[in-house]
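The values are calculated or read from the model by the stated rules, or taken from the named source; none is laboratory data. Bear in mind the structure is a predicted one, so any value in this text is a computation, not a measurement. With ideal geometry, Cβ positions are generated from the backbone for all residues, glycine too; neighbour counts draw on all protein chains shown. Ligands, DNA and RNA are excluded from the accessible area calculation, which covers all protein heavy atoms including side chains. Shrake-Rupley method; radii C 1.70, N 1.55, O 1.52, S 1.80 Å.
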Amino acid sequence: MRSRYERRPDEDPPIPPALHAPWLDEQLFGRRMVFLRGPIEPEMASRAAATLLALDASGAEPISVHMSAEQGILAAVWTLVDAIDTLQAPVHATAVGEVSSAALGVFCAAEQRHAFAHARFRLAEPKVSSPGGTADQVVAEAGRYLRDLEDLILRIAAATGQSRSRVEDDLQSGRMLSAEDAIEYGLISSIVRR
């Protein structure tokens, strides 16, 4: 007997479950909250940017972004950063888990930044997708990555008040910050308490 989770080879693959139930998404939207969970990839970034733009069009009250986002693709991160930079409504970000690597660019784009007590921040260089193609294409892709990495370094430095060279060193070493460390570093202004 076949379990309900098994499928025949001729069947379509199952549709992945949504991150939240539809009623929860409606509740979050009504409270001007956006959750970013998991790696920031193009589809997630486009959906989140559309939500942010819709919330901005509906009023000038602050938009709350809760993040537990490890890694991410730099191009997708810049989709969200550009959307946040164009909003009229202020964005307040709260780290609820680990925020690391490229996702720090989105976190640093927020006007106000906070963290839950057990949140963690990993300063690490974003992973490079393995480029393919001709030698010229590989060189061009490497150049784009270095430009995007420089933009990320400058974004973090501007948000934290740290020097560009310190941020670069911390990204290269993979420095980990607790919520308390993040206050000292300038990454957040407060820890969320009851």
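Structure notes:
- The combined condition, being open to solvent by 20 Å² or more (accessible area, probe 1.4 Å) and at negative phi, is not fulfilled by residue 187.
- Test for residue 124: is it part of a loop (DSSP other than H, G, I, E, B) and hydrophobic (A, V, I, L, M, F, W, C): yes
- Within the stretch 132-181, considering residues that are among the hydroxyl-bearing types (Ser, Thr, Tyr) and outside any helix (DSSP H, G or I), the one most open to solvent (accessible area, probe 1.4 Å): 134
- The criterion of at least 1 residues that are surrounded by fewer than 18 Cβ atoms within 10 Å (Cβ to Cβ), touching a Ser or Thr at 6+ places or on another chain (Cβ under 7 Å) and at pLDDT below 95 is met by the following strands (runs of 3 or more DSSP E) wholly inside the stretch 13-115: 33-37.
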